[in-house]
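First comes the structure, then the notes that go with it.
The values are calculated or read from the model by the stated rules, or taken from the named source; none is laboratory data. Just so it is clear, the structure is predicted and the values come from calculations on it, not from any experiment. Positions of Cβ are generated from backbone atoms using ideal geometry, with glycine treated the same way; all protein chains shown enter the neighbour counts. Surface areas here come from the heavy atoms of the whole protein model, side chains and all, with no ligands, DNA or RNA. Shrake-Rupley method; radii C 1.70, N 1.55, O 1.52, S 1.80 Å.
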Amino acid sequence: MICCVCCIDLLKRYVDLLFYLYLSACLFICPADDCQALNFGHGSVVCVCNATYCDSVSRTGLPDPGQFLSYVSSKTGSRLVKSQGQFQKNSTGAALRITLNPSQKYQRIKGFGGAMTDAAAMNILSLSSRAQDQLLRQYFSPDGIEYRFVRVPMASCDFSTRLYTYADTPGDYDLQNFTLAEEDIHMKIPLLQRAQALSAQPLNLFASAWSAPAWLKTSGALIGKGSLKGKPGGKEHKTWAQYYIRFLEEYEKYNLSFWGLTSGNEPTAGEMTNYSFQALGFTPETQRDWIALDLGPGLHSSSFPQTRLMILDDNRLLLPHWAKVVLSDVQAARYVHGIGFHWYLNNIAPPGITLTTTHHLYPEYFLFATEACAGWSPLDRGVRLGSWDRAEDYAHDIIQDLNDFVTGWTDWNLALNQDGGPNWVKNFVDSPIIVDSSKDVFYKQPTFYSMAHFSKFLWEGSQRVGVSFSQHNSLEISAYIRPDASAVLIILNRSEEEVQFEVWDQTLGFLPGSAPPHSILTLLWSRR
């Protein structure tokens, strides 16, 4: 006679087996738009993709006049679930009315994207060829979330497996030995070419350097505190400016042109004693003078005078001071196009004080978020498969930035492994896509879908417009009119309660809507 405990154990094993068989079958035969959910116990689910199956956002056409489309992702497991509704002539009676104000016009959107680091490239290439294609399609194709921007590190960063630059020969001021690395030639460049082939429009690449060659630096090392030897206008500073131009020239040989450059990743890191990985220190004053005397004139006289130059590329808490120092100088300002910033420590840097103030001081220079990632904080480090809190953090930050005049938002690594690397200094973080090469699968995190609610729907040239509310509410909202005259409304509900609302568009009437608890909602309709 079998004991009850044994029966229960056998039953549990049987149920587990059935679930495994169901999941395995679904990965190959379930309908193409379905997320194949897997719960790792971090608050929500990931969507599992392999060489033959991945859920698809699909192409998003406009609904018929008077109709609207709704896309919702939520903590309960919805992932860009699409539905359709109809505008009504009369008010729905909802307590919360959201009024679209197209006459209030603000900044135009440039786009969204992520970074092709060495680590990202290694993880993508660790998959089978068909799984690689699936992953790249998710980011770049019209059936994916249509990233328009890719940040490319110039030489190594912490998300590399070794320390290197492209000109490690001491005293090579003419850069005669400048050479791209194996990581560029055999990993990043081929993947960028494949991404470009999948994209319906040209990708906007922008480059950031972490460190100058050690022999050009006061420290004699790639890592830690150290700045360029000499002074702006001197041979070290001119060589460092030419290094940027040589990078653009070498990538151009592979038919990859760059939309932009930053003046260097996190220049304040190179001013910190005992900093643990690659950095090059600049103060706003030395960055100003290097741009005015070396980088700006060098770019202007090169084959790449139209390449956009972004200053700062560091935390937004440094604004508006950094912008004031650089852009108040006429010689430096003439070479600058925008201001790049990172999201770290944003909780101590209110966007109204940093971003909006900077915009009003220098409205002709665009604001652009150049780096963000979850899992960077020592209090919540590394990968959390299925974390919905992190998806909300992304959406909250993006809405906050966009509502304070930011034109685009770039995530960090396109793909990491389950440890959050590789990273030579073990600075492990999270990514919207996590690769498990042992199973030839990748997991699309909730943050992937958080990005999708913006990148898929806010086309380049979309203009932020005004919204007003009939009463105080818990929703976070941003509204846009796209170049095709359609409207996009993005709504984040971080509360525990469902929120009923109506959107009033004076040209069409009233859109009845509901934001589920812990959800991100994108609404789309034609105004013609």
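General remarks:
- Between Lys105 and Ser128, the modelled labels are 5.2 nm apart [label points 7 Å from Cα along Cα→Cβ].
- Cα-Cα pairs of the stretch 298-392 separated by more than 17 Å (percent): 57 percent
- Membrane-span-like helices in the chain, defined purely by DSSP H runs whose alpha carbon atoms cover 30 Å or more axially and whose average Kyte-Doolittle hydropathy reaches 0.5, are 4-29.
- On a per residue basis, the convex hull of the C-alpha atoms belonging to the chain measures out at 167 Å³.
- Beta bridges per DSSP with both ends in the stretch 111-460, % antiparallel, nearest 5: 15 percent
- Within the chain, helix-based [θ] at 222 nm, where runs of 4 or more DSSP H residues each add -39,500 (n - 2.57), nearest 500: -7000 deg cm²/dmol
- Gained length - Lys439 relative to Ser83, 0.36 nm times residue gap less alpha-carbon distance: 124.8 nm
- For Leu261, the residues whose amide H sits under 5 Å from its own are Ala207, Arg308, Leu309, Met310, ignoring neighbours fewer than 5 places away on the same chain, with H placed 1.01 Å from N.
- Net length gained if the chain between Glu497 and Asp389 were fully extended (0.36 nm per residue, minus Cα distance): 37.3 nm
- Karplus-derived 3J(HN,Hα) values for the stretch 158-166, using 6.51 cos²θ - 1.76 cosθ + 1.60 with θ = phi - 60°, are 5, 8, 10, 9, 7, 9, 6, 10, 8 Hz; glycine and proline are entered as x.
- Listed pairs Lys229/Lys324; Lys110/Lys231; Lys105/Lys188; Lys225/Lys456; Lys188/Lys229 exceeding 32 Å between Cα atoms: Lys110/Lys231; Lys105/Lys188; Lys225/Lys456
- Surface analysis of the chain yields an accessible area of 39 Å² per residue, using protein heavy atoms and a 1.4 Å probe.
- Amide hydrogen proximity for Asn315: with H placed 1.01 Å from N in the peptide plane, the residues at 5 or more positions away or on another chain lying under 5 Å are His342.
- Subtracting the Cα-Cα distance of Ala95 and Thr273 from their residue separation scaled by 0.36 nm leaves 58.6 nm.
- Whole-Å distance, taken between Cα centres, linking the stretch 168-186 and the stretch 31-65: 42 Å
- The stretch 468-512-the stretch 348-378 distance, computed between alpha-carbon centres (Å): 24 Å
- Pairwise FRET efficiency - Asn177 versus His360, Cβ, R0 = 35 Å, nearest 0.05: 0.15
- The spacing between the stretch 426-444 and the stretch 80-140, judged by their C-alpha centroids, is 21 Å.
- Projecting label points 7 angstrom from Cα along Cα→Cβ for Ser474 and Ser301 puts them 6.1 nm apart.
- The stretch 111-460, relative contact order [Cα under 8 Å, separation at least 6], %: 20 percent
- FRET efficiency estimate (nearest 0.05) - Cβ-Cβ, Ser514 to Glu285, R0 56 angstrom: 0.60
- For the chain, the carbon plus sulfur part of the accessible surface works out to 53%, probe radius 1.4 Å.
- Under conditions of 37 °C and 0.692 mPa s, the stretch 35-175 yields 165 µm² s⁻¹ as its translational diffusion coefficient, taking Rh as the Kirkwood radius over Cα pairs in the Stokes-Einstein equation.
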